[in-house]
1. Would you be able to tell me the number of residues in segment 281-297 that are in a helix (DSSP H, G or I) and surrounded by 16 or more Cβ atoms within 10 Å (Cβ to Cβ)?
2. Go through segment 30-59 and give me each residue that's without any contact (Cβ under 8 Å) to a residue 24 or more places away in the chain and among the polar types (S, T, N, Q).
3. Among what's in segment 1-12 and is assigned to a helix (DSSP H, G or I) and within 19 Å of the chain's Cα centre (by Cα), pick the residue that is modelled with the lowest pLDDT.
4. Which of the residues spanning segment 55-103 are acidic (Asp, Glu) and on the phi > 0 side of the Ramachandran plot?
5. Restricting attention to segment 241-252, and to residues there that are over 13 Å from Asp215 (Cβ atoms) and not basic (Lys, Arg), which single residue is surrounded by the fewest Cβ atoms within 10 Å (Cβ to Cβ)?
6. Please go through segment 236-268 and pick out each residue that is outside any helix (DSSP H, G or I) and either under 23 Å from Gly126 (Cα atoms) or touching a Gly at 6+ places or on another chain (Cβ under 7 Å) (or both).
7. Starting from residues that are assigned to a helix (DSSP H, G or I) and polar (S, T, N, Q), keep the ones in segment 269-280 and report whichever is surrounded by the most Cβ atoms within 10 Å (Cβ to Cβ).
8. Ala233 - would you say it is over 19 Å from the mean Cα position of the chain (by Cα), in contact (Cβ under 8 Å) with a residue 12 or more places away in the chain, farther than 23 Å from Val170 by Cβ and in a helix (DSSP H, G or I)?
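The values are calculated or read from the model by the stated rules, or taken from the named source; none is laboratory data. Please read these numbers as outputs of a predicted model, since none were measured by experiment. Cβ sites come from the backbone with ideal geometry, for glycine too, and all protein chains shown count toward neighbours.
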Amino acid sequence: MSGTGRFGDEAMTAAMRQVADQLGVRADNAQLLQLTNNAVFALPSERIVIRIARSHRLRDRVRKVVELGRWFAQIDAPTIRLAEGITQPVQAGELMASVWDYLPQNPPAPTVEDLGVVLRRFHAVGPPPFPLPAWDPVGDARLRISEAEGLSDEDREFLLSWCERLEGPVAVLRQRAEGQLIHGDAHVGNLLRDRCGRLVLCDFDATCKGPWQIDLTAVAVGGVRFGRAEAHASMAAAYGYDIATDRYWPTLREARELKMIAAAAPIVDTSPSIRAEFTKRLQSIRRRETSAAWTPFIRAQRLRDRLDHLIMPLKHSSH
């Protein structure tokens, strides 16, 4: 992966090492798992995962996930656990991190059917005994856009206009739906298997109070945008509800697509592959291409890395 800017991989690796030093653990075997909204590093030998929010403006979000993590442990929710014995959140310069149990990818791999079952259990937990933010996809998108230094004026204006247009339908949905605990970013990538074999949810950055239907939207939109229609069908069967038949599906879908684009706005200049995928997604929205295929950002980055690996020897051989 590449990126030497303020939120690039070099800066995030330095922040991770700073956190590791504070914890008194070794970071020489750290593995970068994710570099999107968070920089996520696994330290397998230390049995921890360090998640660093890639913006100093998201400190409240890190505090929220830590408070949720403590509560989830108390009620034995189907969720990953915070690493024990660590005072959290952990400060790393202007950035803030949370530290979690490291769970290796033990077979069998989680499925969308598993996700549907776990989500029903998660929704049954009910709201926590402390305040949670309300579902606000437009506000979240505006925050990301405000942090995006690499956006063109044209792209920024389009995204802000999109936010303004979506604000009304989102407000209507919020008023007519009962708010409850929702994960906020429910997809199979956020489902892990703990050491006892139990399936648990992770990544609570977007966890809030809102309509339960939101948690069925990620897989449904992924079915359209990533060519995973069978996943949507399996998820609907496992949970017992097909979100695409919901009266608010158009609003839910558009809110999810806004999130899938705006989330990358602050890091669009950290990687050519992220910028290319960001541009492709935005163009499809501009053209109202509701079935245009997208590529997950992490896969786009890996494809770019593989291409660079193949091209570099050719460049050297031509000299």
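1. Looking only at that region, the number is 5.
2. Hits for segment 30-59 are Gln31, Ser45.
3. In the first step, residues of segment 1-12 are kept if they are assigned to a helix (DSSP H, G or I); the result is 9-12.
Going one step further and asking which of them are within 19 Å of the chain's Cα centre (by Cα), we end up with 9, 12.
Details: Asp9: 80, Met12: 92.
Across segment 1-12, the extreme among qualifying residues is Asp9.
4. Within segment 55-103, the first condition is being acidic (Asp, Glu), and the residues that meet it are 60, 67, 76, 84, 94, 101.
Matches in segment 55-103: Asp76 only.
5. Thr245
6. Those that are outside any helix (DSSP H, G or I) and either under 23 Å from Gly126 (Cα atoms) or touching a Gly at 6+ places or on another chain (Cβ under 7 Å) (or both): Gly240, Tyr241, Asp242, Asp246, Tyr248, Val268.
7. Looking at the filtered set, the residue picked out is Ser273.
8. no
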